[in-house]
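These notes concern the structure reproduced below.
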Amino acid sequence: MRRAGDGAPAGSYGYTNSGYGVYEEENERLTESLRTKVSAIKSLSIEIGTEVKNQNKMLSEMDNDFDSTSGLLGATVGRLKALSRGSQTKLLCHMMLFSLFVFFVIYWIIKLR
């Protein structure tokens with residue numbers, strides 16, 4: 001079926017002859033461009049979500065490691081306090097003085113080079 005006067009098929013409503021065809025093509029092109037951009041943003045957001053999950057897992061593991069280290073350090077400090085309160089205070093002082101002496105000797109040797 002043809003409409004009278006414009007020579008276009010009846011289903012296109014004469015868009016090609018009236019200039020609307022250009023707008024339709026531009027709309028299709030812009031729609032495809034938008035579709036491509038939305039797809040890129042979607043894949044990027046999925047990658048960001050995956051990275052966030054991995055980072056949260058790593059932070060959780062680090063938190064557990066710090067907790068265990070904190071417990072170990074607390075136990076060590078407790079032992080040192082018990083050692084300093086006991087009758088071995090003299091031995092502890094001698095060990096500290098010897099450590100300082102060794103430190104200064106090593107420092108002096110390095111300084112002479």
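Readers should treat all values here as calculations from the given coordinates under stated rules, not as data from a laboratory. Values in this document were obtained by computation on a predicted structure and should not be read as measured data.
Structure summary
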{"quantity": "Potential extension, residue 28-residue 43 segment - 0.36 nm per residue separation minus Cα distance", "calculated": "3.1 nm"}
{"quantity": "Length added when fully stretched, residue 77-residue 93, from 0.36 nm per residue minus Cα-Cα", "calculated": "4.1 nm"}
{"quantity": "Extension reserve of the residue 60-residue 105 stretch, reckoned as 0.36 nm per residue once the Cα distance is removed", "calculated": "11.8 nm"}
{"quantity": "Under 25 Å from the Cα of residue 42 - lysines, other chains or at least 8 residues apart", "calculated": "53, 57"}
